[in-house]
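Have a look at the structure below before the remarks.
Here, each number is a calculation from the coordinates, and none is a lab measurement. Because the structure is a prediction, the values reported are computed rather than measured. Cβ: placed from backbone, ideal geometry, glycine included. Neighbour counts: every protein chain shown.
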Amino acid sequence: MFVRNERSIKEFMHLYPVVSWLVIIHLGLWLLTGLLQTPLGSFIENWGRGVNFYISQGQYWRLVTSMFLHAGLMHALFNSFALVLFGPALEQMLGKLKFILAYVGAGLIGNIATFLLGPAIYAHVGASGAIYGLFGIYVFMVAFRKQLIDQSSSQIIMTIFIIGLVMTFIRPGINIYAHVFGFIGGFAIAPLVLTNVRPYAPWRYRTYSNDGSVQFDPNRWQKKQRNKNVFKYSLWIILGILVVAGLFGRIF
């Protein structure tokens, strides 16, 4: 479920448009607010980041807009990487609308918890709460809908979730409320969005010929053995990235 077999960015964007646009938004906003530091970027950052005091004054849009802003390049890249890794399977299984509702809903629950439980002057940005909501949906599948997720994917999800949970409490500058309650929100939303859902099926991938007609790629089946080998090493790659991200959290 978590090994990417798409042969190009174009194919990935065609198959997973919601995940693709979320990543584009993350990186585009970082360019405006971080790298380029344009007046428009400064306005967006000041207008959109989550600040509990301003939310208490009625600026409730910050509960949503803060999900799309990030505190630096590493923050934006790591969340985007996590989304690319864990989002596509759910987007295919749930469909675009339910995926959007689950993603934004879990992130919103995490941000509401941050507002209710965090200090009055607390400020936050990032998609982590929404991404932990995706973990919540996967963990629900592992616990109650085992027919929707294979054993290897279940082991990866539980390993990454446990590591992520530990890092939530040991890394500085983390919005613990968003992580914990984003996960709880995703877990609670899962039985609603998983209704009449089919398991993730990589063989549903399609390619387009030069004449624009839709064709199945017969080479997908030939790549099966190679993909198994890639899958075996993917867990170690993921763990390595998480460790590096933790180190960056301590350095910066």
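Our coupling estimate for the stretch 3-20, obtained by passing each phi through the Karplus curve with A = 6.51, B = -1.76, C = 1.60 and θ = phi - 60°, is 9, 7, 10, 5, 8, 7, 5, 4, 5, 4, 5, 5, 7, 10, x, 5, 4, 4 Hz, Gly and Pro reported as x. Computed over the stretch 15-65, the P(r) tail beyond 15 angstrom holds 55 percent of alpha carbon pairs. Here the Karplus curve 6.51 cos²θ - 1.76 cosθ + 1.60, taken at θ = phi - 60°, turns the phi angles of the stretch 135-152 into couplings of 4, x, 5, 5, 5, 4, 5, 4, 7, 10, 10, 4, 5, 9, 9, 6, 5, 4 Hz, with x standing for Gly and Pro.
Each 5 Å bin from 0 upward holds the following percent of the Cα-Cα pairs of the stretch 137-180: 5, 22, 25, 17, 14, 12, 5, 0.
Computed over neighbours whose Cβ is under 12 Å from that of SER154, the net charge equals +1, Lys and Arg +1, Asp and Glu -1.
If you sort the three axes of the alpha carbon gyration tensor as a ≥ b ≥ c, you get a/c of 1.5 or more for the stretch 62-155 and a/b above b/c, which makes it prolate. Centre-to-centre separation between the Cα atoms of the stretch 109-148 and those of the stretch 74-96: 14 Å.
When a/c reaches 1.5 or more, the comparison of a/b and b/c decides; with that in mind, is the stretch 100-167 rounded, prolate or oblate per its Cα gyration tensor? Show your work: numbers first, answer last.
Values: a/c = 3.07, a/b = 2.01, b/c = 1.53.
It comes out prolate by the Cα gyration axes.
Of the residues ASN46, GLY58, LEU15, the one whose Cα sits farthest towards the positive end of the charge dipole of the stretch 5-126 is GLY58 (charges of +1 on Lys and Arg Cβ, -1 on Asp and Glu Cβ, taken about the Cα centre).
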